Amino acid sequence: MKHWWQRSAAETVSAISRREVSALEVVESHIARMDEVNGHVNAVTVRMDDEARRAARTADEVMAAGTPVGPLHGVPVTIKENVDVAGQATTNGIPAFSDHVASEDSPVVAHLRKAGAIIIGRTNTPEFSFRWFTDNPLRGATLNPWNRNVTPGGSGGGGSASLAVGIGCIAHGNDVGGSLRYPAYACGVATVRPTLGRVPAFNPSAAAERPPMFQLMSVQGPLAREVKDVRLALEVMAARDPRDPWWVPAPVTRPPPDRKPRVAVTPDPGALGVHPRARDAVTTAADALAAAGYDVVEAEPPRVGDAMRCWERQIATELTFFMERDIRRHGGHAINRKLDFIRTNVPTLDLESYLAVLCERQTLLREWLLFLEDHPLVLGPVSTEPQFPVDDDLVSAARLGEIFVANRLLTTVNFLGLPAAGVPVGLADGLPLGVQIIGNRYREDMTLDAAEAIENATGILTPLNPR
């Protein structure tokens, strides 16, 4: 018999609704698991045990009264430390923000609560949520439960590691350059990066609006151990909130297509090099999709290298004008060293060049949308390298440039605002393999369908005990 912390969100909801278990028993199971393993990975940085117990008792009272309940009733979840949770500090990994207490919930947190989810803790993130590694001077480093010598991913390494060891059924995350998909890949869990405008985003405690390209590239989304839970969480998170002007009222669930769509397979996006492990992961996933009836063809999507370079230049420029002062003032050694390397590798654009890249985004997105007309799904690696060694981005500017190239398909998707699901496909040398499936705008359902077909063929890797 599985412990309750080993169950999926869907299984948990079903068991609570059948009165097989109480919400309080489920929460206590996850708290006990947190006691057992969190010290080995440092994934949950702020525990909310007492609040979670109170919420669970209330959930049980609601169930006993026969009141209709939400789709996540009693499900333990975690929230990344860079969005507002009422009464909690939104630290974003920065010691100077440890007293930056939010007075109200961000939309994604409010939606999870309304659906009946119970927040059991906050999860770790790098400073300013701006590394593919998860470490900061305030909370310390999150360790990958598969191998502590490699990154758990970033910036959502806390959420992915917590899921991998069985703390919470669903983890909240966000993604401006792969911060959902890369941690999912690193820790062997599933996720979806939604389309721009799918999930409303807003931090009431924020002192200013985000810069333009961050608005166009950053999204909120879920991670989970199983694809079905990612889908369930996305439906909850995607509800309307008037505080986000980018939100789009597109249906999350749509009728399935008459036949399985064509999938363009790109093992080496942009022909810039790929590690054999990453290639093998794509081949395994392609074989799974072909066996499931998908029309699988090898085809190269448009100009991945150009999109990657546009992402780099836009990010570097907005860092200069909107974030560098705060990073230099409040950031520690790691984030400042990374910023120095970005300065070395990527020029800050003048106004004319910045606007030209913004215009180029329109051209690239049009080319991708035309490609997606014939190939509704694109299958490729999350990264073209295995999980990076810890602090690999701090070795040199040249190495950081190589990491950007390895993660080029991640940043291409963000630059264009498209959706992409991430799913593991087994293990190699004791570490998870994973792929991403990119779709057309607001077709997260199709990316998740494909991810589930891959999962059905390759299996579920977590939860596990830290190694």
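The values are calculated or read from the model by the stated rules, or taken from the named source; none is laboratory data. Remember, it's a predicted structure, so these values are computed and weren't measured experimentally. All Cβ positions, even for glycine, are placed from backbone atoms using ideal geometry, and neighbour counts span all protein chains on display. Accessible surface areas use protein heavy atoms only, side chains included; no ligands, DNA or RNA. Shrake-Rupley method; radii C 1.70, N 1.55, O 1.52, S 1.80 Å.
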Quiz prompt | Structure-based [θ]222 nm, the chain - -39500 (n - 2.57) summed over DSSP H runs of at least 4, per residue, nearest 500 | solution = -13000 deg cm²/dmol
Quiz item: Using the Cβ atoms and a cut-off under 13 Å, what net charge is assigned to the surroundings of Asn456, where Lys and Arg are +1 and Asp and Glu are -1?
Solution: -4
Self-check item: Whole-percent carbon and sulfur share, accessible surface of the stretch 145-216, 1.4 Å
Solution: 52
Quiz item: Taking the stretch 253-324, which trypsin sites (Lys or Arg not before Pro) meet the DSSP loop condition and have no more than 10 other C-beta atoms within 10 Å?
Solution: Arg259
Quiz item: What does the accessible area per residue of the chain come to in Å², with a 1.4 Å probe and no ligands, DNA or RNA counted?
Solution: 36
Self-check item: Kyte-Doolittle mean at least -1.0 and Cα axial length at least 20 Å: DSSP H helices in the chain
Solution: 23-41, 276-291, 304-318, 351-374, 444-458
Exercise. Using Cα centres only, tell me the gap between the stretch 27-85 and the stretch 122-180 in whole Å.
Key: 19
Self-check item: Among [x] 0.90; [y] 1.15; [z] 1.05, the entry that matches Cα Rg over 2.2 N^0.38 Å as calculated here
Solution: [x]
Quiz item: In square angstrom, rounded to the nearest 10, how much accessible surface does Glu373 have for a 1.4 Å probe?
Solution: 130
Quiz prompt | List Thr253, Thr458, ordered by accessible area with a 1.4 Å probe, largest first | solution = Thr253, Thr458
Quiz item: Tell me, what is the percent relative contact order of the stretch 35-128, built from C-alpha pairs under 8 Å that lie six or more residues apart?
Solution: 39
Practice problem: Within the set of other residues whose C-beta is less than 13 Å from the C-beta of Asn42, count the net charge using Lys and Arg as +1 and Asp and Glu as -1. | Solution: +2
Quiz item: Hey, if you put +1 on the Cβ of every Lys and Arg and -1 on every Asp and Glu Cβ in the chain, which of Thr411, Val382, Asn336 ends up farthest toward the positive end of that dipole?
Solution: Asn336
Practice problem: Could you tell me which trypsin sites (Lys or Arg not before Pro) in the stretch 16-64 are loop residues by DSSP with no more than 14 other beta carbons within 10 angstrom of their beta carbon? | Solution: Arg18, Arg19
Exercise. Starting from the Cα-Cα distance between Glu352 and Arg259, subtract it from 0.36 nm times their residue separation and give me the gain in nm to one decimal.
Key: 28.9 nm
Quiz item: Excluding Thr195 itself, what net charge comes from residues whose Cβ is under 10 Å from its Cβ, given Lys and Arg +1 and Asp and Glu -1?
Solution: +3
Quiz item: Along the three principal axes, how long is the stretch 40-197 when you take its alpha carbons, biggest first, rounded to the nearest angstrom?
Solution: 49, 35, 33
Quiz item: Taking the chain, how many lysine pairs are there with alpha carbons less than 28 Å apart, if each pair must be eight or more places apart or span two chains?
Solution: 8
Exercise. Note down the relative contact order for the chain as a percent, whole number, built from C-alpha pairs under 8 angstrom at least six residues apart.
Key: 18
